[in-house]
Structures are given as structure tokens and as C-alpha cells.
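First comes the structure, then the notes that go with it.
The values are calculated or read from the model by the stated rules, or taken from the named source; none is laboratory data. Source: prediction; values computed, not measured. In this analysis, Cβ positions are derived from the backbone assuming ideal geometry, glycine residues included, and neighbour counts consider all displayed protein chains.
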Amino acid sequence: MANVKLAVVYYSSTGANYKLAQWAEDQGKKAGAEVKLVRIPELAPMEAIEQNPKWKEHFMATKDSVPEATINDLDWADAVIFSVPTRFGNVPGQVKQFMDQAGGLWFQGKLVNKVVSAMTSAQNVHGGQEATLLNLYTTMFHWGAIIAAPGYTDDAVFATGGNPYGTSVSVDGEGNLKEDVEAGVRHQVNRTVDVAQKFID
Ligand SMILES: Cc1cc2nc3c(=O)[nH]c(=O)nc-3n(C[C@H](O)[C@H](O)[C@H](O)COP(=O)(O)O)c2cc1C
């Protein structure tokens, strides 16, 4: 039985989605997957980043220590967990730019049957988290990917906000998580690896 190759692909300005991604990385390893944690490249100019101390702090802390995501990571992976912030109910431009580079892989049929699942954060409890996940998943439908959403497959989903589309959390203005969603993340990762295992066996 081959190990699932899991890419945890995230974008984060102030650290919330990095935290979710780190839990996902840890749980992927515990679930027996070969895991890569990669960050979607920052596109904002340094002048914009510097206007928000938390953004600057997070950017400086991760720019050299976490590898940048490339489209090759999607090719490599059997399963992909995405974690991205909500921006007006949608993904950040950085994430869209990254996705738009996947045209070549899509054309070659290399994204078919990738097992994918996504997480998000927003400043408000009802700030558009579900819309962000659905918008992200729209791209995955075009890939022919298998979306391993959590649904209500475990008590952890109910205990962490009950979002069946993917773990979501609200954050304060500095990117600190306002709810404890760790168990939900860990369940979502287990489920994603489990589904992917069925495809590679
Ligand atoms: C341009 C922009 C748009 C945003 N739109 C929303 C929104 O629609 N709803 C919401 O609750 N929070 C919104 N936020 C807050 C972000 O979702 C929040 O900063 C993010 O989830 C923090 O994640 P991170 O620490 O990983 O960057 C927005 C933030 C920015 C900068």
C-alpha cells in the first residue's frame, strides 16, 4: 500500500491560515501521508505589507522558512488540502493567480481525481466562509477533482462550527483564531487522506 502524497497549500497574511495548515501538516503525517507544506507566493508589494504590522511579521517569519508553492506540487500530490482567508466571500488574488497557473496540468488531464479539501478563515462568524470554500471548489470541479468535504462525518465537525464544506473559523484583526477548530482540521485531514488512499491503492 503506497503512502498518500499530501500537499498542504495555504495563503496567509496574518497567520491564521498558516496555523490551520500547520495542524493539517501534522495530522497528515500522523495519518501516514507523505506531506509537503507550501505557501502560495505573496504578490502584494512590500509597501502594502508594511502597513499592517501583523502582515509584515508573518511575512518575514515565513518567507524563508516555508517553501513557496508551485504548480508542480499539485502534480506531485494525490491529495491537496487548501487553507485560504476569505476576501469579500472569495479567495485572495494570490490564490487565484496560483490556480490560474494550473491550466497546463488541467489540459493534460493531470488534475483528474486529485482528492481535495479546503479550509478558510474570516473576521466575522458569518463573514463569507462558506462562499469562499464554494468558490474555491468551483475551480476543483473544472479539474475533475474529488472533493472530500467533511460533511457531517464526525462529531468534530459539529464541535467546531458545523461547516460541512470545510473547516472554517473566525479571527480577530490580528489573525488570532477565535474558536478552537483544531479537532475539525484533524478530522478533515484524516478524511481527505482516507479518501485519497482509496484512489491510489
Ligand atoms: C481585502 C480583504 C477582504 C476581506 N473580506 C472579508 C470578508 O468578506 N468577511 C470577513 O469576515 N472578513 C474579511 N476579511 C478578513 C480576513 O478574512 C481575515 O483577515 C483573514 O481571514 C485572516 O487570515 P490570515 O491570518 O490567514 O491572513 C477581509 C480582509 C481583507 C484584507
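In region 1-51, what residues are surrounded by fewer than 18 Cβ atoms within 10 Å (Cβ to Cβ), more than 13 Å from the ligand (Cβ to nearest atom) and farther than 18 Å from Val84 by Cα?
Across region 1-51, the qualifying residues are Met1, Ala2, Asn3, Lys29, Lys30, Gly32, Glu34, Pro45, Met46, Glu47, Glu50.
Could you say whether any residue in region 63-80 is farther than 30 Å from Lys198 by Cβ, surrounded by 24 or more Cβ atoms within 10 Å (Cβ to Cβ) and out of contact with any Lys or Arg (no Cβ under 6 Å at 6 or more places or on another chain)? Don't jump to the end; show me each part of the working.
Of the residues in region 63-80, the ones farther than 30 Å from Lys198 by Cβ are 63-65, 68.
With the extra rule that they be surrounded by 24 or more Cβ atoms within 10 Å (Cβ to Cβ), the set shrinks to none.
Scanning region 63-80, I find no residue that is farther than 30 Å from Lys198 by Cβ, surrounded by 24 or more Cβ atoms within 10 Å (Cβ to Cβ) and out of contact with any Lys or Arg (no Cβ under 6 Å at 6 or more places or on another chain), so the answer is no.
Hey, among Ala61, Ala102, which residue is within 13 Å of Ser12 (Cβ to Cβ), of a type outside the set (S, T, N, Q) and at pLDDT 95 or above?
On the way: Ala102 fails: within 13 Å of Ser12 (Cβ to Cβ).
Of Ala61, Ala102, the one residue that is within 13 Å of Ser12 (Cβ to Cβ), of a type outside the set (S, T, N, Q) and at pLDDT 95 or above is Ala61.
If only one of Phe82, Phe59, Phe88, Phe107 is within 16 Å of the ligand (Cβ to nearest atom), closer than 23 Å to Gly144 by Cβ and not aliphatic (A, V, I, L, M), which one is it? Lay out the reasoning, then the answer.
On the way: Phe59 fails: closer than 23 Å to Gly144 by Cβ; Phe88 fails: closer than 23 Å to Gly144 by Cβ; Phe107 fails: within 16 Å of the ligand (Cβ to nearest atom).
Step by step, each of Phe82, Phe59, Phe88, Phe107 is checked, and only Phe82 is within 16 Å of the ligand (Cβ to nearest atom), closer than 23 Å to Gly144 by Cβ and not aliphatic (A, V, I, L, M).
For residues in region 150-201 being under 18 Å from the mean Cα position of the chain (by Cα), of a type in the set (S, T, N, Q) and not in a loop (DSSP other than H, G, I, E, B), which is surrounded by the most Cβ atoms within 10 Å (Cβ to Cβ)?
Thr192
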